[in-house]
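Heads up, the thing below is written out as structure tokens.
No value in this document is a laboratory result; all are computed from the given coordinates. Treat the numbers as computed from the prediction; the structure is a model and nothing was measured. Because the Cβ atoms are built from the backbone with ideal geometry, glycine has one as well, and the counts that use them run over all protein chains shown.
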Amino acid sequence: LGGELWSFVWALLTMGACWRAGSWLLGVAGASSLAREAAVAWLAGIGVLGISILLIGRAGLVAWWTVGAPILVLGVLGFTGMARSLGREGAHAAWSALTATRLTAGSAGLCLLISALAAVWVAAPELMFDALYHKSWLPGEWARTGEISPSTLHPVFNYSGLSQFIAVPGHLAGAEGVGRYLQWLAHVMLIATVWWAARRSPWAPVVAAAL
């Protein structure tokens, strides 16, 4: 749909890799309870992988075998691990929670509808200045040149945060739209995380739908 299936696959693999790396890191650090919290492990993994890719890029070693292949392996391990931990019972419990009342079912349907509409925009060709000259351009350039160095050509070209770094593996694999799908998946995960964190409150579905 839109010819961006490859980008979507790489966004999923990258998210799975972040969760797997964060879960391992928290486990090694002795925070096993946090390692079992998917959202916490995912955020920790974004930090670990983002900084790792930055350091590899600073050394001028960005390549398929240093960045792309490790993310691919971690992503596959991440998804198999999540499927094993969730299981059939977990999926059934999640479905029951989403359809428990009319309010939860309506909120879940609204979240699904809005996410689907957003996915249409995500799959569209890149047109915006912000992406073409900053968010999307930089990861592609780092993948092409094999290094991540501060850009002084224009203030817009300077980066902030870690999101652009974790998009580099997808660009190495030719998934030019991976950044848009990473952002889309992050928003979906934010909605799910807020709903889960506030699940004891009757307002949790409303807050999720508002997001």
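Quick notes on this structure:
- Cα Rg, Dmax (largest Cα-Cα span) when computed across the chain, Å: 18.1, 55
- Computing FRET efficiency as 1/(1 + (r/R0)^6) for residue 85 and residue 28, where r is the C-beta to C-beta distance and R0 is 25 Å, gives about 0.90.
- Between the C-alpha center of the stretch 177-205 and that of the stretch 35-52 there is a gap of 16 Å.
- The protection proxy used here, the mean number of other Cβ atoms lying within 10 Å of each residue, ranks peptides 135-144, 26-35 as follows, highest first: 135-144, 26-35.
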